[in-house]
Amino acid sequence: MNDIFEDLQWRGLIHQTTADELLPGWLSSGSRTVYAGFDPTADSLHVGSLLPLMMLRRFQKAGHRPIAIVGGATGMIGDPSGKSAERNLQTPEQLAANLAGIESQMRHVLDFDSGDVSAMLVNNNDWMSRFSYIEFLRDVGKNFPVNVMLGKDSVKSRLSSEAGLSYTEFSYMLLQAYDFVHLNREHGCELQIGGSDQWGNVTAGIDLGRRMLGAQLYGMTCPLLTKTDGSKMGKTESGAIWLSPERTSPYKFYQYWLNVADEDTGTCLRFLTELERSEIEALDELCVSAPEQRASQKKLAEELTRLIHGSSGLSTALQATEIFFGAEIENLDDRQLIEIFADVPNCELSATELSGEGLGIMDALVKSGLMKSNGEARRSIKQGGIYINNRRVGEIDRRLTVADLTSETVIVLRSGKKKYALLRFSNA
RNA sequence: GGGGGGUUACCGAAGCGGUCAAACGGGACAGACUGUAAAUCUGUUGGCUAUGCCUUCGCAGGUUCGAAUCCUGCACCCCCCA
């Protein structure tokens, strides 16, 4: 059992704990049960969940048992922490679908089949839904002094804001607190981890545990993973980076990490990978002495893509990277191409278009949606911004024929550095 | 209610009878450079069957050989006075 506390500490993953002195010893003197919560607002987790997920993984590897809790019940309510407005409620069907998607992703990160420390995934709706309102008020609610609740940051900030806070959201912390009590009673769970914005909810659970069970529970929060420029990690102009390959292809996922700013790589490597201290520090140095190599980014992207999308996902991402950045496209078959170009719009055309004279390049560009008009297409070609299978097109009157097929049915068009379109020629 | 100003392409903004598909700036796109970064430089930025043709300057009419530019009406916006 390695010293997880020390490891977390040097990585900078410990923001606050409820027992700074006790925790290190407590963790190293036995196998403990730890939990973290995940929000089921979509059918996939996104990059923002990676940090707590990795936390659980670290604990599991250190010999502790992780419990991931998805808030089937609390998800219907919405945590006001760090949120500026009331959350929309979800239907039970949506939630069920979301939970299924999330579970499959967790299996990449946590081991659900390793004896005593097997990870567990639980849904708080399983126990919450059994409560009647009266019972909940009597058993749980009476342990919560309202004046303490009003003192929590999550509540305070909303009370003073224009959006206000509904009674439903106000009650959120009772639910999360009760989760902790339940997990302690049923599974012996004694430590809750979460982002620093969860401090209020975590301590609420610890207080409740003491009142209801007389139990000594612990809490630990980690810093939020933000970029140096203050924006949230995992968000791009085009939306969040998701963990599911359906929502964010392995290529895009890989690229996201490859493009992390130099200043952010150190934190990302510490927070999100399991690389050894010496290796990370070596990468940090390289990042300063030879930034153009982007060794940190490459390592980060590689580690995370392999973890979330597996080796095959990683190799697809690497292959796609090579192609998207200039390599000529050859010796790939339809299946590989379609996998690599998963994010790229494609356009079905009849194979007969290629026979005889062939298909004019400008036509093809417009049909593919890459260009809005012939004029735009003509301009781009003149400027040298159009490529067929990654080979620059020189002439405006270039025609596409069977010889241009790079695989059985595909021709790849590209405009500029990275705008692609796939033309598929079928016989149908 | 009275008076004045405005409405131009993705955005801002010139133009105030022909040489206007409309200056300039931003953005966007492409190229060079580069670390798939930042900055910089260059080019492009209504459509087409393209040395020409068509549609665009709030909307609808009108004057004129000719209108983004002048006139009339309408709509919306801003300012001042009541």
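The values are calculated or read from the model by the stated rules, or taken from the named source; none is laboratory data. Here the structure is a predicted model, which is why all the values come from computation and not from measurement. Cβ sites come from the backbone with ideal geometry, for glycine too, and all protein chains shown count toward neighbours. Only protein heavy atoms, including side chains, enter the accessible area calculation; ligands, DNA and RNA are left aside. Shrake-Rupley method; radii C 1.70, N 1.55, O 1.52, S 1.80 Å.
Per residue, the accessible area of segment A:4-222 comes to 42 Å² when a 1.4 Å probe rolls over the protein heavy atoms. Here A:LYS299 is the anchor, and the aspartates and glutamates within straight C-alpha reach of less than 12 Å, apart from those fewer than 8 places off in the same chain, are A:GLU274, A:GLU279, A:ASP284.
Applying a threshold of 20 Å to the alpha-carbon distances of A:LYS372/A:LYS419; A:LYS252/A:LYS367; A:LYS367/A:LYS419 flags A:LYS252/A:LYS367 as lying beyond it. How much net charge surrounds A:THR33 when only the other residues with a Cβ under 9 Å from the Cβ of A:THR33 are counted, with Lys and Arg +1 and Asp and Glu -1? Computed value for this residue: +1.
Taking only Cα atoms, what is the 0 to 90° angle, nearest 10, from helix A:172-187's long axis to the longest principal axis of chain A? So the inclination is approximately 80 degrees. Could you give the angle, 0 to 90 degrees to the nearest 10, between helix A:277-289's Cα long axis and the longest principal axis of the Cα atoms of chain A? Its long axis makes an angle of about 50 degrees. Within segment A:246-343, the chymotrypsin sites (Phe, Trp or Tyr not before Pro) that combine a DSSP coil assignment with at most 13 other C-beta atoms in a 10 angstrom radius are A:PHE325.
Evaluated at q = 0.16, 0.18, 0.22 Å⁻¹, a Debye calculation over the C-alpha positions of segment A:334-426 (equal weights, vacuum) places log10 I(q)/I(0) at -0.56, -0.72, -1.11. Normalising by residue count, segment A:4-222 has a Cα convex hull of 123 Å³ per residue.
In debye, nearest 20: dipole of chain A around its Cα centre with unit charges on the Cβ of K, R (+) and D, E (-)? Walk me through the numbers before you get to the answer.
Values: 44 positive and 56 negative charges, 169 e Å.
Rounded to the nearest 20 debye, it is 820 debye.
Here chain A exposes an accessible surface that is 48 percent carbon and sulfur, computed with a 1.4 Å probe and the other protein chains kept in place.
To the nearest 500 deg cm²/dmol, what mean residue ellipticity at 222 nm is calculated for chain A from DSSP H runs of n ≥ 4 alone, each contributing -39,500 (n - 2.57), summed and divided by the residues? All intermediate terms of the calculation are to be shown ahead of the outcome.
On the way: 18 runs with 191 residues, N = 428.
Mean residue ellipticity, 222 nm, calculated: -13500 deg cm²/dmol.
Summing +1 for each Lys or Arg and -1 for each Asp or Glu, what net charge is found among the other residues whose Cβ lies under 10 Å from the Cβ of A:ASP363?
+1
Relative to the longest principal axis of the Cα atoms of chain A, helix A:199-213 runs at roughly 40 degrees.
Which longest run of chain A has no exposed loop site in it, a site being trypsin sites (Lys or Arg not before Pro) in a DSSP loop with at most 13 other beta carbons within 10 Å, and the site itself not part of the run?
On the way: sites that count: A:ARG130, A:LYS372, A:LYS417, A:LYS418.
Result for the longest clean stretch: A:131-371.
A 1.4 Å probe run over segment A:235-324, with the rest of the protein chains in place, finds 46 Å² accessible per residue. Each Lys or Arg adds one and each Asp or Glu takes one away; over the other residues whose Cβ falls under 10 Å from the Cβ of A:THR267, this sums to +1. From the largest down, segment A:235-324 spans 36, 25, 24 angstrom on the principal axes of its Cα atoms. Could you tell me the distance between the Cα centroids of segment A:270-323 and segment A:378-426, to the nearest Å? Each part reduced to its Cα centre gives a spacing of 32 Å.
In a reduced charge model with +1 at each Lys and Arg Cβ and -1 at each Asp and Glu Cβ, segment A:4-222 shows a dipole moment near 280 debye about its Cα centre. How far apart, in nanometres, would the label points at A:GLN9 and A:THR236 be if each is projected 7 angstrom from Cα along the Cα-to-Cβ direction? Going by the 7 Å Cα→Cβ label model, 3.9 nm. Calculated on the alpha-carbon coordinates, the convex hull of chain A measures out at 180 cubic angstrom per residue.
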